1. By Cβ position, which chain B residue lies least far from the axis that rotates chain B onto chain A, and what is the distance to the nearest whole angstrom?
2. In Å and on Cα atoms, what radius of gyration and Dmax does the stretch A:5-79 show?
3. Need one word for chain B: rounded, prolate or oblate. Basis is the Cα gyration tensor (sqrt eigenvalues a ≥ b ≥ c); a/c below 1.5 gives rounded, then a/b vs b/c decides.
4. With charges set only on the Cβ (+1 for Lys and Arg, -1 for Asp and Glu), what does the dipole of the protein assembly as shown come to about its Cα centre, in debye to the nearest 20?
5. In nm, one decimal, shortest first: how far is the label point of residue A:43 (7 Å from Cα along Cα to beta carbon) from the matching points in the other copies?
6. Rounded to the nearest 10 Å², what accessible area does residue B:81 show when all protein chains are kept and the probe is 1.4 Å?
7. If the label for residue A:58 sits 7 angstrom from Cα along the Cα-to-Cβ line, what are its distances to the same label in every other copy, in nm to one decimal, shortest first?
8. If you take the charge dipole of the stretch B:5-79 about its Cα centre, with +1 on Lys and Arg Cβ and -1 on Asp and Glu Cβ, which of B:30, B:47, B:65 is farthest toward its positive end?
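The values are calculated or read from the model by the stated rules, or taken from the named source; none is laboratory data. Predicted model, so just to flag it, every value in this text is computed and none were measured. Here the Cβ positions follow ideal geometry from the backbone for every residue, glycine too, while neighbour counts run over all protein chains shown. Protein only, heavy atoms only, side chains kept; ligands, DNA and RNA dropped before computing areas. Shrake-Rupley method; radii C 1.70, N 1.55, O 1.52, S 1.80 Å.
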Protein chains: 2
Amino acid sequence: MELNKKQLAAQGYRLTKPRQEIFAVLKHKPQSVADIFEQLQQKKLKIDKVTVYRTLENFVKLNLVAETQFKDGISVYELADHEHHHHVLCENCGRIEDICLDENLLMKAVKKSSSFLIKSHRLEFFGLCQKCC
Amino acid sequence: MELNKKQLAAQGYRLTKPRQEIFAVLKHKPQSVADIFEQLQQKKLKIDKVTVYRTLENFVKLNLVAETQFKDGISVYELADHEHHHHVLCENCGRIEDICLDENLLMKAVKKSSSFLIKSHRLEFFGLCQKCC
DNA sequence: ATATTATTGCAAATCAGTTGCAATAAGTCA
DNA sequence: TGACTTATTGCAACTGATTTGCAATAATAT
Ligand SMILES: [Mn+2]
Ligand SMILES: [Mn+2]
Ligand SMILES: [Zn+2]
Ligand SMILES: [Zn+2]
C-alpha cells in the first residue's frame with residue numbers, strides 16, 4: 001500500500017514529506033509514537049514529534065492507520081491494510097503478533113447477555129513470544 | 001463487602017478515614033480516579049487526589065479492587081467482589097455494565113492460532129445503553 | 001510566478017500520574 | 001490514658017505524554 005496523493009487531496013489533505021516518511025516507517029511494523037519518532041531521528045529526518053502526533057491522528061481519520069491501546073494506555077499504530085483483527089503483546093520484549101479470530105460466537109453471546117447496543121469491541125492478549133518463553 | 005481492619009492489618013495496612021471513604025464511594029459503581037475524587041469533594045471530604053491514587057494502588061495489591069483500562073487509557077476501578085468478567089461502556093453517558101462470558105472457546109481458538117504463550121487478556125465492548133439508544 | 005491555505009516546527013501549556021518529605025494520625029504497649 | 005513507633009497523608013514539585021497557539025514554510029491551484 002502506498003500513500004496516495006489523490007486519496008489525500010479528495011479529503012483536502014496534502015501529500016507532504018513528513019507524511020510520506022511516517023507512512024514509510026509504519027510499513028515495517030506496528031509502533032508507538034515514541035518508536036516512530038525514534039526511527040525518524042535515526043533516518044536523520046528533522047520531523048517534530050508534534051507532527052508525528054498530528055499525522056497519525058489524520059491517518060486514523062482517513063482510515064489509513066489503525067490505533068490499538070495496549071496496557072499503560074500507550075497507543076500503537078499500524079497500517080490499516082488488513083481486516084479487523086486483534087493482537088498478542090509479548091510482556092517481555094514488546095513484540096506484537098496479529099490474531100485473527102472468528103468472533104461470531106463471541107458476539108452472539110455478548111448480544112444475548114447485554115442490554116446494550118454493542119457497536120465495537122477491543123480484545124488484546126498478553127503473554128510471552130517464542131523467543132522470550 | 002466491608003473494608004475490614006483485620007484484613008488490612010494482616011498485610012501491615014491501617015484502617016484510615018480516606019480508605020474507608022474511597023471504599024464507600026466505590027460501592028456505588030466502577031469509577032475513574034477523577035470520578036472518585038469528585039465524589040469525595042461533593043461529600044466535603046478533604047482527601048487529596050494523591051491519596052486516591054495511592055489508595056487505589058493498595059486496594060488493587062490487596063485484591064480488594066480491580067482495575068480496567070477503557071479507551072483513552074483511563075483506568076476504572078471497581079470492587080473486586082465478583083469473578084473475572086468484562087464490561088460494556090456506553091459511549092454516550094459512560095454507564096458501565098458487566099458482561100460474563102464463557103471464554104473457553106475463545107481461549108482455545110487463540111491458543112491454537114498464536115505462537116505466543118498467552119497469560120492474560122483484556123476484552124471490552126462499546127456501545128449504547130438502553131437509555132441512550 | 002503568485003496567491004491561497006494546509007502543514008509544519010517551536011515554545012508554551014495542559015493533563016495524568018509520580019515522588020520526596022515533613023506533618024499527622026493509627027495502632028501498640030506500658 | 002499517654003507515650004512511642006511507623007504507616008499514611010497532604011502539599012508541592014516533578015515527570016512524561018499529549019495538546020495548543022502561532023508565525024514561518026511549503027504544497028497546490030490559477
Ligand atoms: Mn495487527
Ligand atoms: Mn464489573
Ligand atoms: Zn518477546
Ligand atoms: Zn448511556
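1. Nearest Cβ to that rotation axis, in whole Å: B:73, 1.
2. Here Rg and the maximum Cα pair distance are 12.0, 37 Å.
3. On the way: a/c = 2.40, a/b = 1.43, b/c = 1.67.
Oblate, because a/c is 1.5 or more while a/b does not exceed b/c.
4. On the way: 42 positive and 34 negative charges, 133 e Å.
So the magnitude is around 640 debye.
5. 5.3
6. About 90 Å², ignoring ligands and nucleic acids.
7. 4.9
8. Projecting each Cα onto the dipole axis, the largest value belongs to B:47.
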